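So the structure is just underneath, and the comments pick up after that.
The values are calculated or read from the model by the stated rules, or taken from the named source; none is laboratory data. What you are looking at is a predicted structure, and each value in this text was computed from that prediction instead of being measured. Here Cβ is always computed from backbone atoms with ideal geometry, including for glycine, and neighbour counts include all displayed protein chains.
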Amino acid sequence: MTPRIILIFWILFLCPFVGFPQTKPLDSLSDAAAKAAKKGDFDEADRLYNQYVALFRQQELLKDYRYSEILSYLARRAMQTGKTDQAISLQKEVIEVKRTAPDCNFTQWASAISDLASIYSTKGDYTHAIETGQTALNMLGQKLGKRNNTYNIALANLAAYYAARGSQGDYEKAVSLGETAVNNLKKGTPEYASTLNALVVYYSLIGDRDKARKVSEKAKMEAQKRL
């Protein structure tokens with residue numbers, strides 16, 4: 001056996017052990033975390049998903065859709081437990097992964113930005129929520145068109161951020177955005193019903209009781225259809 005053949009033999013022998021990251025432990029962690037979350041054991045799911053992220057980063061693996069979804073889960077959990085700064089940090093990483101990962105697309109990237117706006121809103125930082133929500137909306141409109149349901153859900157969310165901030169002209173802006181969203185959202189969906197109810201509030205905020213009453217009646221009819 002020549003030296004060259006011996007070298008090739010050792011390369012082929014060693015590759016499975018030292019040449020490539022071992023993904024089996026990651027798969028096991030992910031599966032166990034998903035099972036824990038399904039059972040409602042969220043503390044255990046959090047622990048396992050955090051282990052997944054730590055091991056993933058330690059191995060310096062190529063960030064992909066699956067990794068971004070685990071980060072998204074942890075961001076939501078952080079938000080639910082009042083750790084909004086941590087949620088924002090995690091969601092920003094989600095956005096970067098969605099932007100660059102080969103198996104993520106433009107719409108997923110835009111939706112991740114929209115989710116960040118929601119976290120800002122939960123924190124009470126409505127100015128950042130509006131700025132971030134508008135960025136996501138522009139991206140979704142560019143890709144999906146302004147009559148798309150996903151676009152109009154983001155539009156309805158943006159209306160809510162304006163109404164929550166309540167600066168001069170914000171209530172009128174909320175009405176305008178809410179009206180557009182209601183006209184384009186798919187009827188019979190929870191998002192449509194929710195936006196109708198929100199629009200009642202927006203009309204009340206600007207003192208238009210007549211429109212508030214009319215939309216309230218429409219919202220009641222929509223609710224009856226869903227029973």
Filtered residue count, region 35-89, keeping only those that are in contact with a Ser or Thr (Cβ under 9 Å, 6 or more places away or on another chain) and of a type in the set (Ser, Thr, Tyr)
3
Could you run through region 170-179 and say how many residues are surrounded by fewer than 17 Cβ atoms within 10 Å (Cβ to Cβ) and either under 23 Å from the mean Cα position of the chain (by Cα) or closer than 17 Å to ALA154 by Cβ (or both)?
1
Filter pass, ALA212 being buried (at least 17 other Cβ atoms within 10 Å of the Cβ) and within 29 Å of the chain's Cα centre (by Cα)
no
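Take LEU205 and decide whether it is under 26 Å from GLN108 (Cβ atoms), in contact with a helix residue (DSSP H, G or I) (Cβ under 9 Å, 6 or more places away or on another chain) and modelled with pLDDT of 95 or more. It would help to see each step written out before you state the result.
On the way: under 26 Å from GLN108 (Cβ atoms): no; in contact with a helix residue (DSSP H, G or I) (Cβ under 9 Å, 6 or more places away or on another chain): yes; modelled with pLDDT of 95 or more: yes.
In short, no.
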Against the conditions (1) touching an Asp or Glu at 6+ places or on another chain (Cβ under 7 Å); (2) not in a helix (DSSP H, G or I), where does ARG77 fall short? Just the number, please.
(2)
Conditions (1) within 15 Å of the chain's Cα centre (by Cα); (2) in a loop (DSSP other than H, G, I, E, B): number failed by SER167
(1)
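So which of ASP115, ASP103 is assigned to a loop (DSSP other than H, G, I, E, B) and closer than 22 Å to ASP64 by Cα? First the steps, then the outcome.
Working: ASP115 fails: assigned to a loop (DSSP other than H, G, I, E, B).
None of the others qualify; the one that does is ASP103.
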The conditions are (1) modelled with pLDDT under 90; (2) of a type in the set (A, V, I, L, M); (3) within 27 Å of ALA101 (Cα to Cα), and ALA32 fails exactly one of them. Which is it?
(1)
